[in-house]
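Data block below; observations after.
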Amino acid sequence: MFDAYGTVINFTEPDFIMTMAEICAAQGLEADAAEVWRRFLRASYLMRSEHHADPVYKRYDQAWADQFEYVFKRMRLAGDAWAAARQFKAALAGASAFPDAQPVIEALRPHYRLALLSNADDDFLTECLDRNGLRFDTVVTSERAEAIKPNPAIFEYLARELDIPITNILYVGDNPVPDVLGPVRAGMKCAWVNRNGMRKPRNIPQPDVRVRSLEELVGLLVSDR
């Protein structure tokens with residue numbers, strides 16, 4: 001089972017900052033994009049703790065509008081929060097896959113049931129997967145499960161969808177809190193794709209597998225390579 005953004009979809013922090021710059025440019029806002037992104041993350045932390053142990057579910061389009069409203073108010077910017085949220089969603093829908101994503105998915109397909117679980121709304125994630133030609137046997141979003149990582153409920157929802165024991169699932173993701181803490185709390189095995197060599201936070205459990213790319217994962221999971 002794979003995470004989407006940052007794992008198979010190539011949309012990471014520099015892309016988020018660039019998107020903030022594009023939003024500011026579209027609305028004629030004079031602001032530092034990195035500072036807008038920093039405050040946007042702070043708003044997420046305050047409003048629903050997405051990257052902590054007990055997140056609160058809310059559809060992403062609504063959550064992003066709330067976060068932009070928070071940011072614009074505190075930076076004294078006359079921005080349109082809903083317009084910003086729509087532009088942010090469009091950027092995620094239009095993101096490209098990592099070069100290793102498609103070959104790895106196809107290499108694993110003959111050997112495993114493949115699923116994708118993402119903190120996302122159905123609409124923009126479906127558009128992104130379709131644009132990149134990425135196919136999975138099962139796709140679960142936070143919108144569908146009405147829960148967000150690292151809440152174990154979203155992982156438990158997927159296990160029910162797959163109708164297999166949760167301990168038989170390997171979750172593959174890039175972010176230590178939602179993608180390592182979350183599946184471990186749910187009883188899953190996990191593989192941390194640490195493309196940039198970051199240090200694991202102290203309060204995060206050890207992943208079962210550490211790799212620097214998806215290609216390394218294939219070498220571990222397919223015995224005839």
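Overview of results
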item	result
Residue in the range 32-41 that is more than 30 Å from residue 111 (Cβ to Cβ), crowded, with 17+ Cβ neighbours inside 10 Å, modelled with pLDDT of 90 or more and among the β-branched types (Val, Ile, Thr) present	yes
The range 73-97 - residue that is without any contact (Cβ under 8 Å) to a residue 40 or more places away in the chain and over 15 Å from residue 121 (Cβ atoms) and, of those, most open to solvent (accessible area, probe 1.4 Å)	76
Verdict on residue 67 being of a type outside the set (Gly, Ala, Ser) and closer than 30 Å to residue 169 by Cα	no
Matching residues, the range 146-168, being open to solvent by 10 Å² or more (accessible area, probe 1.4 Å), in contact with a strand residue (DSSP E or B) (Cβ under 8 Å, 6 or more places away or on another chain) and not charged (D, E, K, R)	157, 162, 167
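The values are calculated or read from the model by the stated rules, or taken from the named source; none is laboratory data. All of these numbers come straight from a predicted model, not from anything done at the bench. All Cβ positions, glycine included, derive from the backbone under ideal geometry; neighbour counts span all protein chains shown. Side chains included, ligands, DNA and RNA excluded: accessible areas come from the protein's heavy atoms. Shrake-Rupley method; radii C 1.70, N 1.55, O 1.52, S 1.80 Å.
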